[in-house]
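Before any comments, here is the structure.
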Amino acid sequence: SLSEKLQSAFKTIRGHGKLSEQNIKEALKEVRMALLEADVNFRVVKDFTERVRKRAIGREVMKSLTPGQQLIKVVNEELTELMGKESSGLSFATTPPTTLLLVGLQGSGKTTTAGKLASMLRKENHKPLMVAADVYRPAAITQLQVLGQQLQIDVYADGAEKDPRKICQKALQQANHEGFDVVLIDTAGRLHIDQELMQELRDLKALTSPQEVLFVADAMTGQDAVTVADQFNKALDVSGVVLTKLDGDARGGAALSIKAVTNRPIKFVGVGEKLDQLERFHPERMASRILGMGDVLSFIEKVEKAIDEEKAQELERKILEQAFTLQDFRDQLQQFRSMGPLDQLLEMIPGADKKALKNLQVDEKEFVRMEAIINSMTPDERLHHKIINSKRKQRIAKGSGTDIRDVNKLLKQFEQARKMMKKMTGGKGKPGFKIPRR
Ligand code: GDP
Ligand code: MG
């Protein structure tokens with residue numbers, strides 16, 4: 001299966017110490033083969049492996065992950081991306097009824113999906129009406145009626161009417177009169193695409209202005225499903241895809257290529273013949289299912305969480321320790337200076353006690369002196385002001401063309417600024433806020 005093949009691809013780099021261009025290349029060769037064998041569109045495979053390669057090569061290697069796990073992570077993310085990243089649900093009309101047009105080839109699962117979807121919607125408190133618009137096979141109408149009876153969902157059908165347009169018109173009238181808020185139209189399919197059918201569906205679309213045109217595709221047909229989806233989309237501008245029969249030994253190709261080829265999201269998947277076997281499509285879950293490496297993926301997730309946690313703690317610790325350094329002080333001075341002459345700034349503060357503020361004023365020369373002093377410190381001194389003893393002070397004074405009194409003054413000003421920072425972060429050195437954690 002695809003999962004097994006992908007897993008063996010990752011085994012090829014298990015022995016290596018780190019991700020290199022060579023071992024990525026080897027593993028990706030196998031990934032490529034596995035995807036092609038799973039009937040994924042070759043262009044999609046090409047783009048996919050290229051994206052993975054680029055991302056894997058430029059990657060900062062996480063200490064806690066092996067190169068194999070590292071690559072699995074990238075492949076998983078790209079698989080998810082390929083299928084649409086997020087799950088997209090149905091859109092509903094602002095004024096009911098919402099109309100859903102189900103289209104697709106014969107046997108793809110339209111009628112079954114209509115029943116499954118109606119049943120799902122009713123559970124979400126909608127009042128659905130199913131419409132039998134497949135007039136070419138009498139059995140098709142009966143099939144929908146039987147489904148309706150099983151599910152206790154209303155069906156609009158008219159065996160005597162041969163024009164699906166008229167059927168839809170009348171069905172919508174009934175929905176309006178009887179307060180059905182979702183109308184699911186089960187249309188006819190053919191074994192192959194033909195223009196007569198496409199025209200009929202285009203007419204139905206124009207007539208019913210559906211919120212969704214859902215293309216129903218049989219996942220077992222692999223790349224054919226993708227080609228047909230592309231053609232239906234070009235003719236009808238479908239809004240989403242329902243992929244049926246994913247429970248069978250579908251090779252996964254359709255799920256992987258449909259979004260990339262049509263740029264339309266998969267919205268639901270059929271996972272069995274039973275009427276409750278329809279699921280919302282989640283790209284992320286599908287990707288892990290295809291990879292078949294649930295345990296590895298959850299391990300990777302745990303490692304990532306732990307790393308995030310570490311970073312958050314470090315940041316919090318810094319704030320707790322009032323890690324406001326001389327370096328930060330210098331940055332602040334520079335910012336302050338770039339705001340322009342202090343006089344003008346003070347003028348702009350309404351109701352400011354100008355006299356008091358004038359006393360705080362630092363003139364341009366003083367700024368220059370303060371900066372020069374900090375610039376003469378070693379990086380270590382700037383980060384740990386406590387180490388600045390008198391010997392160091394002498395050196396700093398000399399280097400900045402000032403004297404020891406200036407250096408002491410600056411250090412005092414710095415201490416004051418630190419105190420202010422302390423106050424701003426909530427007294428007693430404890431910050432008034434916490435770094436949010438995931
Ligand atoms: P339509 O011609 O497009 O209306 O297709 P139908 O709804 O009649 O379905 C054709 C066949 O596919 C039926 O036998 C269904 O039971 C079967 N089918 C539909 N969806 C699924 C699914 O998700 N899984 C499986 N195993 N069978 C399905
Ligand atoms: Mg049918």
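Only the coordinates and a few stated rules stand behind these numbers; no lab work does. Computed from a prediction, not measured in an experiment: that's the story for all the values here. Backbone-built Cβ (ideal geometry, glycine too); neighbour counts: all protein chains shown.
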Simple SL model, points at 7 angstrom along Cα→Cβ for Gln416 and Glu310; separation in nm is 4.1 nm
Testing the spin-label approximation: label points 7 Å from Cα along Cα→Cβ at Arg165 and Leu191. State their distance in nm. 2.9 nm
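Are there any trypsin sites (Lys or Arg not before Pro) in the stretch 95-168 that are in a DSSP loop and have at most 16 other Cβ atoms within 10 Å? List them by number.
Values: sites: Lys110, Lys116, Arg122, Lys123, Lys162, Arg165, Lys166; in loops: Lys162.
Sparse-neighbourhood loop trypsin sites (Lys or Arg not before Pro): Lys162.
Just in the stretch 34-116: which GluC sites (Glu not before Pro) are loop by DSSP and have at most 16 other Cβ atoms within 10 Å?
Details: sites: Glu37, Glu50, Glu60, Glu77, Glu78, Glu81, Glu86; in loops: Glu60, Glu86.
When the GluC sites (Glu not before Pro) of the stretch 34-116 are filtered for loop state and at most 16 Cβ neighbours within 10 Å, Glu60, Glu86 remain.
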For the pair His177 and Asn408, how long in nm is the line joining their label points, each one 7 Å along Cα→Cβ? 10.0 nm
For Met286, Met198, Met33, what's the fewest-to-most ordering of other Cβ within 10 Å of each Cβ? Met33, Met198, Met286
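Based on the Cβ-Cβ distance of Phe299 and Asn263, what FRET efficiency does E = 1/(1 + (r/R0)^6) give at R0 = 25 Å, to the nearest 0.05? It would help to have the intermediate numbers written out before the result.
On the way: r = 33 Å, r/R0 = 1.34.
E(calc), rounded to 0.05, equals 0.15.
If R₀ is 41 angstrom, what is the calculated FRET efficiency for the pair Thr378 and Glu81, using the beta carbon separation as r and rounding to 0.05?
0.30
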Output the pairs from Lys123/Lys166; Lys73/Lys259; Lys305/Lys419; Lys54/Lys85; Lys73/Lys245 with a Cα-Cα distance over 23 Å in this structure; if there are none, say none. Lys123/Lys166; Lys305/Lys419; Lys73/Lys245
